[in-house]
Amino acid sequence: MRIIEQRLLRGPNLYAATPCLLAVVDGAGAELLPGLGARLLALLPGMPPEASARLSDCNSTADALEPVVMELQRLAGAPGTFSQSVIAPDGTARVRVACGYATEQVAVAALETARALFAALARHEDFDLVAAVDSLHDIAQRHAIGTSTGAVIAAAHKRGIPSLRLTEHANLFQLGWGSRQKRLQATITGATNNIAVSIASDKQLTKTLLDQAGCPVPAGDTVTSVAQAQRVAKRIGSVTIKPLDGNQGKGVTTAVSTPEEVERAFAFAQNYGRHVIVEEFLRGRDYRVLVTGRKVAAASWRRPPHVTGDGVSSVRALVEAENRNPARGEGHTNILTRIPLDELAADTLAKQGYTLDSVLPQGVSVDLRGNANLSTGGTAEDVTDLLPEETRDICIRAARTIGLDVAGIDIVCQDIAQPLREQRGGIIEVNAAPGIRMHQYPSRGTPRDAGDAIAEALFGQDDGRIPLVAVTGTNGKTTTTLLIEHAARSAGLRTGCTTTEGVFIDGAQIARGDCTGYRSARAVLASPEVEFAVLETARGGILKRGLAYDMCDVAVVLNVSADHLGLDGVDTIEELAKVKAVVAGRARRAVVLNAEDDHCVAMAGTLAGRVEVLYFALDAENPVLVRHLEQGGRAVYLQDNSIVLANGAKHEALLDVRSMPVTMKGAARYNIANSLAAAAALSACGFGNLEIIDGLRTFVSDWKHNPLRSNVFDVDGVTVIVDYAHNSAAYAALAETARALTPGRLVGVVAAPGDRRDDDLVDIGATCAAGFDELVVYETENRGRAAGEVARLLVQGAQVGKFEQDHLQVELDVHQAIRKGLARCEAGDVLVFGCGSSISELLEAIRPTSPDTAQRIEAEAAV
């Protein structure tokens with residue numbers, strides 16, 4: 001099987017709203033193995049009925065890939081929830097296999113395992129599927145989100161709080177976006193005080209502070225030698241001995257009385273820390289109270305790991321049987337932890353008169369540990385409703401005294417339902433990063449959503465989101481994005497913005513290059529300064545990685561026209577529209593659509609009733625826009641050179657487009673359209689009319705603020721427009737604008753990227769021939785084509801448009817092409833330099849003959 005390409009789509013994408021692994025398979029080269037489906041079903045008998053039906057008569061490895069990858073993920077314990085196979089309609093026989101996943105590393109490994117399995121079957125060789133699944137399971141465990149972290153993340157998602165995983169292994173997450181984000185690792189939050197964690201790690205200091213705060217604690221001292229430990233134990237009586245800074249019950253021995261027991265317990269504790277605490281052994285039950293913020297979220301009675309006899313089995317056999325319980329796993333990977341059969345377990349049994357090989361009478365229970373930590377195999381029963389108000393107050397005061405926002409308060413007493421001060425009990429520990437498995441999944445009693453309690457303590461009723469506007473379309477994305485960002489920043493918000501030029505935080509560029517994809521969007525959403533995000537979202541980013549956000553507040557779809565067709569499995573404008581619609585489909589407040597674009601209008605049908613639709617149009621009489629307003633909808637349109645914001649029957653003129661620098665005194669109709677879209681998006685976000693007007697009127701689209709987007713320069717009396725036009729629609733709009741700026745001639749110095757289809761390049765040539773009086777064709781990014789091939793196709797298109805040969809010239813070098821274009825101009829003419837990559841190309845072209853002009857333009861552009 002030949003996999004041409006594979007991608008991890010980490011956010012909403014063309015196939016699903018959830019992450020997918022996409023594999024592009026060469027269907028023509030896939031193995032045809034008679035009886036393949038039957039052989040696979042024999043190896044994977046647990047497949048769901050639908051997958052089994054698909055495989056029953058399957059002979060092609062390309063067809064079998066999707067169900068096998070999904071089943072392997074399920075067997076690994078990390079099942080995906082979505083899958084799809086799409087055969088390319090372009091006659092290439094390629095199959096695009098999309099497999100949803102819970103853990104991306106498992107999905108990638110499952111794909112490789114499926115390929116290895118198919119190869120073995122093709123060679124009629126044995127394949128160790130058990131070992132392969134074990135390996136996948138290990139990967140799933142290695143990359144799994146911890147139980148406590150997972151509970152908080154799940155609760156956050158229920159509240160609509162977005163999350164970003166910041167590390168691959170350490171379970172460090174960002175909850176929320178921008179300035180409203182919080183960080184989380186297990187139950188340690190960004191608000192957890194480092195000094196408080198240090199205090200909680202020092203059990204003696206914790207006891208001292210709690211005692212000062214009036215919280216009941218056991219008597220005791222810190223020691224560093226056996227002799228000291230024995231003296232303290234002699235003074236107090238029965239004691240508990242544990243490491244001063246231990247956790248998870250490590251090194252703890254309870255009910256120690258004799259000098260020999262003290263010596264053994266001290267040595268055991270020193271395995272986990274040099275300093276050891278010897279304190280009064282409080283008799284009673286072991287309770288854990290979870291404090292989140294300023295309230296008690298849950299309380300559990302923790303029982304030591306134990307087994308109950310059946311009159312036949314040994315203690316060892318009973319423990320081994322209990323450890324086979326699916327609810328038990330290693331460490332914190334499952335609801336419960338396996339019970340260790342070690343020396344401490346043997347000592348604990350000995351105190352009860354048994355050994356690991358003893359056969360317990362029917363119904364007799366024995367403990368395997370003196371403490372009840374879940375991390376050493378203990379169980380828990382919920383007792384939250386039993387806590388008296390006084391005990392709740394003591395626990396909250398204890399957490400606040402230590403300084404923890406999330407704390408596990410360990411209490412030993414006879415009966416948690418009785419006030420703590422009325423019985424001999426007390427707080428034995430205060431824990432930072434408390435595990436919450438016992439509360440989420442108690443062995444008995446009511447489950448408590450401790451994860452939700454932590455999420456509430458972090459966010460209250462807030463969803464942690466900053467306003468997010470996503471802008472997509474074929475042309476105009478960058479300018480529209482910058483218009484919205486500029487208006488928001490002018491209104492006093494700290495903004496984050498991504499465009500084809502870079503990433504900007506509050507107007508300052510922090511990254512350069514085409515930043516319209518997943519990684520750049522995450523950079524903005526992860527920035528703690530950002531209060532308002534505007535993300536240019538390009539076709540390539542959606543197809544290569546998916547969206548970096550689960551939802552946006554407002555989506556803007558400017559237009560859909562032929563560009564990038566034939567790439568990434570998108571061969572038609574209709575398919576391109578589906579890609580753009582991914583952004584529209586993730587809006588939760590409003591979608592801004594072009595009423596004059598049929599593909600945009602068609603998207604509205606899929607959004608009806610779910611979010612508000614706002615239309616924009618250059619034509620005030622556009623029937624779609626008019627009908628929308630008649631039905632009470634909102635829209636923005638152009639009338640008598642004014643931008644008009646309409647809400648049903650209410651129509652308000654905002655400003656004259658000729659007062660906006662971006663419109664070139666009203667000549668650049670495409671930028672008027674971009675401004676209409678920006679005004680609609682800003683209105684949908686709740687900005688007032690005056691804020692919208694101020695933003696649109698003060699935005700300047702020059703080389704410094706919006707490079708390669710209709711930047712205008714004077715070159716010795718010739719108006720030169722520099723623009724990254726690279727498709728037919730962009731060149732047509734640019735020619736229309738340039739024509740409005742001059743009564744003279746219009747000269748185009750044009751090129752196009754080489755990864756466009758032949759027909760598209762021919763069409764660009766024809767469009768340029770129709771729009772310009774003179775053409776000079778050059779080459780820029782050939783992207784795999786031979787030198788001269790792109791120019792040949794552009795010229796072919798120009799000739800199809802019956803462009804006169806005398807007005808058409810080919811010069812592959814960009815600098816020479818600009819010079820020849822300028823040579824064809826007279827003062828008052830306009831030259832359009834299209835598809836350029838930098839102003840330096842213009843500067844280097846004119847510097848030899850007009851050094852002063854080059855110096856002036858360089859200063860204007862602040863290059």
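The values are calculated or read from the model by the stated rules, or taken from the named source; none is laboratory data. Since the structure is predicted, the reported quantities are computational estimates derived from the model, not experimental observations. Glycine gets a Cβ as well: all are built from the backbone with ideal geometry, and neighbour counts include every protein chain shown. For accessibility, only protein heavy atoms count, side chains too; no ligands or nucleic acids. Shrake-Rupley method; radii C 1.70, N 1.55, O 1.52, S 1.80 Å.
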> At a 1.4 Å probe, what is the % contribution of carbon and sulfur to the accessible area of the range 95-171?
Replying inline: 52 percent
> Considering only DSSP states other than H, G, I, E and B, which trypsin sites (Lys or Arg not before Pro) in the range 205-308 qualify as loop sites with at most 13 other Cβ atoms within 10 Å?
Replying inline: 274, 283, 294
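Over all directions, the average projected area of the alpha-carbon convex hull for the chain comes to how many nm²?
45.4 nm²
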> Which angle from 0 to 90°, rounded to the nearest 10, does the C-alpha axis of helix 147-158 make with the longest principal axis of the chain?
Replying inline: 50 degrees
>> With a 1.4 Å probe and all protein chains left in place, how much accessible area per residue does the chain have, in Å²?
In response: 40 Å²
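Counting only protein heavy atoms and using a 1.4 Å probe, what share of the accessible area of the range 299-396 belongs to carbon plus sulfur, as a whole percent?
Within the range 299-396, the accessible surface is 50 percent carbon and sulfur.
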>> Quick query: amide H of residue 427 versus all other amide H atoms, modeled in the peptide plane; which residues come in under 5 Å with a sequence gap of 5 or more or a different chain?
In response: 217
> Can you tell which of 51, 289, 649 lies farthest toward the positive end of the dipole of the chain, using +1 and -1 charges on the Cβ of basic and acidic side chains (Lys, Arg; Asp, Glu)?
Replying inline: 289
>> For the range 692-744, place one equal point scatterer on every Cα, skip the solvent, and apply the Debye formula. What is log10 of I(q)/I(0) at q = 0.19 Å⁻¹?
In response: -0.78
>> Out of the total accessible area of the range 1-72 (probe 1.4 Å, heavy atoms of protein only), what percent is carbon and sulfur?
In response: 57 percent
>> Could you work out how much longer the chain between residue 640 and residue 567 gets when fully extended? Use 0.36 nm per residue separation minus the Cα distance between them, nm to one decimal.
In response: 22.2 nm
> Along the range 174-186, what does the Karplus equation 6.51 cos²θ - 1.76 cosθ + 1.60 (θ = phi - 60°) give for ³J(HN,Hα), rounded to whole Hz, x for Gly and Pro?
Replying inline: 9, 9, x, 10, x, 5, 9, 7, 10, 10, 9, 9, 6
>> Across the range 775-841, what fraction of all alpha-carbon pairs, as a whole percent, falls in each successive 5 Å bin from zero upward?
In response: 3, 16, 25, 25, 20, 7, 2, 0
> So what are the ³J(HN,Hα) numbers for the range 677-683, from phi and the Karplus equation (6.51, -1.76, 1.60; θ = phi - 60°), rounded to whole Hz, Gly and Pro as x?
Replying inline: 5, 5, 4, 5, 5, 5, 5
>> With a 1.4 Å probe and all protein chains kept in place, how do 128, 410 rank by accessible area, largest first?
In response: 128, 410
>> Taking 45 Å as R0, compute the FRET efficiency from the Cβ-Cβ separation of residue 807 and residue 157 and round it to 0.05.
In response: 0.15
>> Sort 441, 101, 354 by heavy-atom solvent-accessible area, probe 1.4 angstrom, most to least.
In response: 441, 354, 101
>> Taking the alpha-carbon distance from residue 650 and a cut-off under 30 Å, which lysines remain once sequence neighbours fewer than 8 residues away in the same chain are dropped?
In response: 477, 665
> Quick one: Debye curve from the C-alpha atoms of the range 1-152, no solvent, what's log10 I(q)/I(0) at q = 0.11, 0.16 Å⁻¹?
Replying inline: -0.40, -0.86
> What are the residues whose amide H is under 5 Å from the amide H of residue 306, where those residues sit 5 or more places off or on another chain and H is modelled from the backbone?
Replying inline: 368
> Leaving out same-chain residues fewer than 8 places away, which lysines sit with a Cα under 22 Å from that of residue 182?
Replying inline: 158, 295
> Helix 758-771 versus the longest principal axis of the chain: what is the Cα-based angle in degrees, 0 to 90, to the nearest 10?
Replying inline: 50 degrees
>> Between residue 4 and residue 862, how high is the FRET efficiency from 1/(1 + (r/R0)^6) when r is the Cβ-Cβ distance and R₀ = 60 Å? Nearest 0.05.
In response: 0.85
>> Let me spell out the model: positive unit charges on the Cβ of Lys and Arg, negative unit charges on the Cβ of Asp and Glu, origin at the Cα centre of the chain. What dipole size does that give, in debye rounded to 20?
In response: 2480 debye
> Long-range amide H contacts for residue 639: which residues qualify at under 5 Å (H placed 1.01 Å from N, peptide plane, sequence gap of 5 or more or a different chain)?
Replying inline: 644
> Rounded to the nearest 20 Debye, what is the dipole magnitude of the range 1-156 about its Cα centre when Lys and Arg each give +1 and Asp and Glu each give -1 at the C-beta?
Replying inline: 320 debye
>> Given the DSSP H assignment, sum -39500 (n - 2.57) over each helix run of at least 4 residues in the chain and divide by its residue total; what's the result at 222 nm in deg cm²/dmol, nearest 500?
In response: -11000 deg cm²/dmol
> Each residue of the range 586-601 in order: what ³J(HN,Hα) in whole Hz does its phi give by Karplus 6.51 cos²θ - 1.76 cosθ + 1.60, θ = phi - 60°, with x for Gly and Pro?
Replying inline: 9, 6, 10, 10, 7, 10, 9, 10, 7, 5, 9, 10, 4, 5, 5, 4
> What range in the chain is the longest one free of GluC sites (Glu not before Pro) that are in a loop by DSSP and have at most 16 other Cβ atoms within 10 angstrom?
Replying inline: 331-528
> Looking at the range 139-209, what % of the alpha carbon pairs are farther apart than 14 Å?
Replying inline: 65 percent
